[in-house]
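The values are calculated or read from the model by the stated rules, or taken from the named source; none is laboratory data. Since the model is a prediction, treat every value here as computed from it, not as a measurement. Here the Cβ positions follow ideal geometry from the backbone for every residue, glycine too, while neighbour counts run over all protein chains shown. Ligands, DNA and RNA are stripped out before the accessible areas are found, and what is left, the full protein with its side chains, is counted by its heavy atoms. Shrake-Rupley method; radii C 1.70, N 1.55, O 1.52, S 1.80 Å.
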Amino acid sequence: KNQVEQSPQSLIILEGKNCTLQCNYTVSPFSNLRWYKQDTGRGPVSLTIMTFSENTKSNGRYTATLDADTKQSSLHITASQLSDSASYICVVRPFTGTASKLTFGTGTRLQVTL
Amino acid sequence: GAVVSQHPSWVICKSGTSVKIECRSLDFQATTMFWYRQFPKQSLMLMATSNEGSKATYEQGVEKDKFLINHASLTLSTLTVTSAHPEDSSFYICSARDRGGWSDTQYFGPGTRLTVL
């Protein structure tokens with residue numbers, strides 16, 4: 001069964017600090033891996049997308065890495081801000097043709113405090 | 001970037017009534033739309049896949065007669081929760097697939113919070 005597991009489940013950091021969220025997946029082969037940010041009571045918003053051949057992708061203070069050999073991805077947030085408080089979800093699209101369904105991780109709930 | 005809207009953003013209804021949720025792709029045509037349900041502190045769970053002009057494909061365990069899906073146009077899909085009960089209270093999120101350009105991308109709507117009393 002294709003799975004996507006994320007760690008930690010939750011994280012509290014001080015404003016201005018950096019943090020790294022982890023994603024381990026068993027989906028194989030896969031088409032792409034995305035990191036989404038989901039604010040409470042809102043839909044997910046895409047932060048980064050990487051294909052299996054890409055190792056890193058940045059979007060402002062967000063940097064995602066991908067190791068297709070170990071099936072691991074990470075999302076690094078630099079100089080965190082209060083507005084970064086949200087759930088971060090790792091999502092993998094299997095490479096099974098046009099009908100492939102997204103496989104969602106359970107998310108990491110990040111809280112940035114003063 | 002592509003935008004997907006949902007209406008209403010929240011709804012409170014009495015047990016036994018039906019509720020319709022709309023999902024629109026605002027600046028692209030979506031041949032495929034997806035409906036998800038999310039319970040507190042859990043990830044999104046796919047309920048059904050909706051293709052324009054054809055019947056929706058429901059995931060195992062999702063009652064098609066209870067969750068009616070209509071995808072009448074390339075920009076609109078609706079989810080109707082029939083005879084809603086308190087256990088149907090959840091956060092419903094739609095997603096629309098944009099096959100334009102180089103990427104096959106799914107964009108998510110802002111979600112609809114359903115509370116059944």
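Remarks
- Proportion of all alpha-carbon pairs of chain A beyond 19 Å (%): 41 percent
- Label-zone membership for the range A:19-33, site A:Asn59, 7 angstrom Cα→C-beta point, backbone N under 13 Å: A:33
- Choice from B:Cys94, B:Cys23, B:Cys13 showing the highest fluctuation, given a GNM over chain B with Cα pairs closer than 10 Å: B:Cys13
- Based on alpha carbons, the Rg and Dmax found for chain B are 13.6, 45 Å.
- Cα-Cα pairs of the protein assembly as shown separated by more than 29 Å (percent): 28 percent
- Separation of the B:Thr115 and B:Lys55 label points, Cα + 7 Å toward Cβ, nm: 3.7 nm
- FRET efficiency for the A:Thr70 to A:Gln111 pair, using the beta carbon distance and R₀ = 22 Å, is estimated at 0.20.
- Counting only heavy atoms of the protein chains and using a 1.4 Å probe, B:Val62 has close to 30 Å² of accessible surface.
- Residues A:Asn18 and B:Gln29, FRET efficiency given R0 of 41 Å [Cβ-Cβ distance, rounded to 0.05]: 0.50
- Surrounding net charge for B:Lys66, when Lys and Arg each add one and Asp and Glu each subtract one, Cβ distance under 14 Å: -2
- Under 25 Å from the Cα of A:Lys101 - lysines, other chains or at least 8 residues apart: A:Lys1, A:Lys37, A:Lys57, A:Lys71, B:Lys20, B:Lys41, B:Lys55, B:Lys64, B:Lys66
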